């Protein structure tokens with residue numbers, strides 16, 4: 001699939017491909033964010049959407065944690081709801097997302113479009129190019145999108161929710177409309193992620209934050225086929241570009257249907273802290289696992305961080321692991337604890353590998 | 001353990017004990033609640049706390065779904081936070097719970113007391129006696145309490161939460177204080193549930209809504225031992241009374257550590273819809289399972305309800321199953337759909353058993 005010989009690939013890529021590596025690579029979900037004083041300083045001058053939509057700002061925010069933490073991958077500063085305006089639904093953040101309208105009927109769905117990412121998300125593609133140039137091959141850049149079920153959930157609920165009864169009601173009382181909506185979300189995410197790969201993203205990640213709302217059977221019906229559709233588009237884009245572009249699927253709250261993640265078409269499955277990686281490994285032979293330290297552990301002492309990081313490395317085993325938190329770093333985390341985690345994982349995993 | 005011969009026990013009890021039964025018993029979490037017009041009518045005249053604290057009202061609300069749905073068990077109308085004022089923390093509901101103060105430090109915890117349920121929750125015990133008299137042995141009555149970790153989470157967060165960083169921060173930065181708090185919550189729930197058994201409750205259920213926030217290792221540390229402590233108290237109360245009182249542990253979002261539920265000391269494990277009962281069965285041999293239809297299925301068509309109820313019965317297998325939703329019935333549910341579910345489970349399971 002790749003022209004690049006595996007030996008010259010970055011550590012992050014080699015771990016994603018399941019190779020035995022000299023140490024476990026680490027990056028941190030939401031590593032560019034509110035826990036960093038340099039991020040808060042920048043956000044005092046620019047609001048969230050402006051920061052996403054201005055390539056120079058998105059690039060700068062993306063690079064902040066790379067400088068401070070020396071993580072093994074950068075992830076583009078953006079949001080999974082960035083494609084919505086192009087689809088026909090405006091979004092504001094304060095700080096949670098609020099959609100200008102909800103999508104709940106057949107005619108609502110008919111009014112949506114699959115946007116051309118070069119037209120409506122050109123600023124993201126420019127940010128990918130700019131950031132990749134700044135990183136100059138030293139650190140790979142992960143592009144991302146929201147998984148179809150998760151984005152559909154936001155479109156139907158109109159924002160966050162507690163009971164998620166609007167999306168569930170759509171799935172169960174109007175499944176044909178739900179499938180049409182999910183298809184549009186899949187095509188949007190597929191085009192968008194493929195465009196990020198074309199623009200130079202070194203890896204592609206799909207975030208399925210809300211898939212954990214589904215029973216195993218409903219995951220099979222309403223999530224899995226659409227994730228596959230997106231990741232096949234990414235695979236095609238990578239093949240066209242002749243580059244190794246690992247595909248990462250983040251499955252939030254997947255304990256009940258972890259075995260199903262085998263079939264989503266990803267190289268790497270990202271997991272939260274609610275299940276042990278050794279159990280996930282048995283369900284997902286041959287796939288690399290990403291995670292899965294409880295983000296709240298960073299609120300504890302350094303002793304605890306070291307002990308828990310070590311337990312994650314033990315559960316992950318000798319290969320096929322990218323260290324990460326199980327969910328985004330909490331805003332109240334001490335950046336020095338994040339750096340301590342990176343150094344600790346580096347040290348402990350190198351010792352295990354030698 | 002029991003003086004009552006098993007043959008004379010109610011269907012619900014025999015299913016809880018794992019016997020092969022003539023049909024699968026069914027009740028519905030939050031079966032007394034907002035989806036019922038008769039409940040809304042009563043609540044127009046009495047607020048939530050008054051309804052909990054007035055035995056005649058709590059009894060009437062408890063009986064409403066028994067009359068309308070003819071479920072196989074009643075569950076006392078109350079709330080898991082009812083013991084808080086007796087512990088020293090006032091609560092209001094609008095509609096979510098808001099605590100008058102949070103418990104986050106060693107001195108906060110020292111200020112809590114384990115209340116005598118006969119003093120501060122006497123109205124609940126009166127409601128148990130009154131309701132049991134009204135039910136006259138036709139339908140068993142389930143008493144309940146919040147599990148220690150879940151109640152501790154409310155005490156620390158002061159209400160609901162999105163990130164639950166306050167409780168996690170306590171667990172990870174001050175584990176000794178957390179254990180002291182969990183011990184108080186366990187003693188409170190133990191005394192309270194035992195008092196409900198003394199007052200005549202036919203079964204005892206512990207709700208651990210928030211245990212799914214925990215990693216498997218943290219479940220072992222911060223939830224499991226305290227659940228055991230409560231359920232041992234219940235077991236002792238039942239033995240003293242010479243009655244069979246099934247112990248039910250509801251584990252929300254337990255996919256990642258379902259195997260651990262083997263050791264909580266319950267007869268029945270209640271599960272949400274996020275995992276299949278056949279997988280849970282393999283992890284929990286010898287225990288009865290309660291659940292686990294997605295509550296949102298009741299928002300769909302009768303065909304869907306029938307199809308999904310049938311799938312739950314198939315996954316549950318021939319014995320050791322109490323049918324229920326995987327979480328509380330949604331307020332927007334049609335009461336006729338709830339009744340249809342009860343009738344369908346009765347019909348389908350009787351056919352399977354014959």
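Per-residue Cβ neighbour counts within 10 Å put B:35, A:249 in the sequence B:35, A:249, beginning with the fewest. Taking the C-alpha atoms only, the angle from helix B:55-69 to the longest principal axis of chain B is near 30 degrees. Helix-only arithmetic for chain B: the sum of -39500 (n - 2.57) across DSSP H runs with n ≥ 4, divided by the residue total, places the mean residue ellipticity at 222 nm at -14000 deg cm²/dmol.
Spin-label pair residue A:8-residue A:217: with each label point 7 Å from Cα along the Cα-Cβ axis, the two points sit 5.2 nm from one another.
Find how much the distance from residue A:44 to residue A:100 grows on full extension, using 0.36 nm per residue of separation minus their present alpha carbon separation; answer in nm with one decimal. If you can, show how the numbers build up before the last one.
On the way: separation 56, 0.36 × 56 = 20.16 nm, distance 2.49 nm.
Taking 0.36 nm per residue and subtracting the Cα distance, the gain is 17.7 nm.
Region B:15-58 and region A:19-33 have their alpha-carbon centroids 49 Å apart.
Residue exposure proxy: B:22, A:191, ordered by other Cβ atoms within 10 angstrom of their Cβ from fewest to most, comes out as B:22, A:191.
For region B:81-151 versus region B:199-220, the inter-centroid distance based on Cα atoms is 15 Å. Pairs of Cα atoms in the protein assembly as shown fall into 10 Å distance bins, from 0 up to the last occupied one, in shares of 3, 15, 24, 25, 18, 11, 4, 0 percent. Counted by neighbouring Cβ atoms within 10 Å, the residues A:87, A:205 run from fewest to most as A:87, A:205.
Compute the long axis of helix B:122-135 from its Cα atoms, compare it with the longest principal axis of the Cα atoms of chain B, and write down the angle in degrees, 0 to 90, nearest 10. Approximately 10 degrees, to the nearest 10. Remark: C-alpha extents of region A:242-354 on the principal axes read 38, 32, 31 Å, sorted largest to smallest.
Look at the stretch A:295-307: the mean tally of other chain Cβ atoms within 10 Å of its residues' Cβ atoms is 4. In chain A, the longest principal axis of the Cα atoms and the axis of helix A:175-198 are about 50 degrees apart.
Values in this text are rule-based calculations from the coordinates and carry no lab data. Note that the structure is a prediction, hence the values are computed from the model and not measured. Note that each Cβ is placed from the backbone with ideal geometry, even for glycine, and that neighbours are counted across all protein chains shown.
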